[in-house]
Amino acid sequence: MSLRYLCQFGLVIGALLSVDKVLASEVVVEPNKTDRMSKLTAQLTKQTSPWKKVTDFEQDEPLSGWTKLDLQNETEPRVANPQVTEVLLDPQTNNHYLLKKPAADGVVGNRKAITYFPLPQPINVGDIYTFYLRLNVAAFPNNHVFGLSDMGPEGIAEHAYNALEPSLRITDRYDPNIAYKNDGTLLVRKDDWYERIFNPQTNSYASPMQTNTWYHVWMVINNQPKASGGQTYDVYIQGGDEFPEQQKVYSGADFRMQREQALIYFSATCNTGPKEKPYGNGGLKYDDMYMASGTVLHIPK
């Protein structure tokens, strides 16, 4: 190869190296720009989101602020503090959630295993709010009731189930007072008892909740006075084979006591049943609790 061609070849290589340096410098800059844009987008989303987080169990101490009460501990032999309320990690999603059971498997007689947590702000009389959470039935048989309370710690300890106002129930126990065997369908409060949610797509009551399946649940809570059409709530659900898309499944469920007071706590109760005839200790998983003013029906981000 002649000297002239060697020089030309060297000039080409030098030019290519210069281009590589420019491109490399651009590659270094672009991720920084992307990071800044991502942070800005996250900040704007946080500022504009209507949702206020109650808890997602991702804190360093996820049970900080939660209170556990075993108000009717009839276990024999006696087990102190028998309820199971713990935060677990799903290794597949790296996500934490709350598992609640009235007692460990094989332990019976814990009749009122209550756990409660303060809302970040009250739902005052006259307010309409949406309360969102994710639910997962760990196992049947079980008996769980949960919802929002207008009472503080002393009132919850005194009134237990009757401390709840808007509430939901999941159980497959037999209810002797109405001679009915529940099947695990999600229940709302109606009049003096419970009623199954309804699937308008099939024009029938919904199917029992699937186990080990996450559901999105929205409760649109009307805390206006009863005379103004309040003390009621509507329920929407998405999840499982039955509800691949969000569906309204109940309109006009009733607050349990209709005391017309500000709602200030989330409270959950479960029950092994009596020692002589236990229901079962199947657990319920909770996660991602949020609240928003008005009717807000998307999934919190």
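The values are calculated or read from the model by the stated rules, or taken from the named source; none is laboratory data. This one's a predicted model, so the numbers in the text were calculated from it and none came from an experiment. Neighbour counts run over all protein chains shown; Cβ positions are idealised from the backbone, glycine included.
Remarks
- Restricting Ile170, Ile156 to those that are assigned to a strand (DSSP E or B), among the β-branched types (Val, Ile, Thr) and more than 13 Å from Asp254 (Cα to Cα) reduces the list to Ile170.
- Condition broken by Trp218, with the remaining ones in (1) within 14 Å of the chain's Cα centre (by Cα); (2) among the aromatic types (Phe, Trp, Tyr); (3) under 18 Å from Asp183 (Cα atoms) satisfied: (3)
- Residue check, Ala227 out of contact with any Pro (no Cβ under 8 Å at 6 or more places or on another chain), closer than 27 Å to Gly282 by Cα and either surrounded by 19 or more Cβ atoms within 10 Å (Cβ to Cβ) or modelled with pLDDT of 95 or more (or both): no
- When residues of segment 108-124 are limited to those that are part of a loop (DSSP other than H, G, I, E, B) and touching a strand residue (DSSP E or B) at 6+ places or on another chain (Cβ under 9 Å), the one nearest to Phe57 (Cα to Cα): Lys112
- Subset of segment 67-106 [within 12 Å of Gly283 (Cα to Cα) and exposed (fewer than 14 other Cβ atoms within 10 Å of the Cβ)]: Glu86, Ala104, Asp105
- Per this entry, Glu86 is counted among residues that are part of a strand (DSSP E or B) and either under 19 Å from the mean Cα position of the chain (by Cα) or at pLDDT below 50 (or both).
- Residue in segment 289-301 that is more than 24 Å from Gln83 (Cβ to Cβ) and at pLDDT below 95 present: yes
- Across segment 184-201, not a single residue is classified as of a type in the set (Val, Ile, Thr) and surrounded by fewer than 13 Cβ atoms within 10 Å (Cβ to Cβ).
- Selection within segment 173-189 - closer than 23 Å to Ala113 by Cα and either in contact (Cβ under 8 Å) with a residue 60 or more places away in the chain or outside any loop (DSSP other than H, G, I, E, B) (or both): Arg173, Tyr174, Asp175, Lys181, Leu186, Leu187, Val188, Arg189
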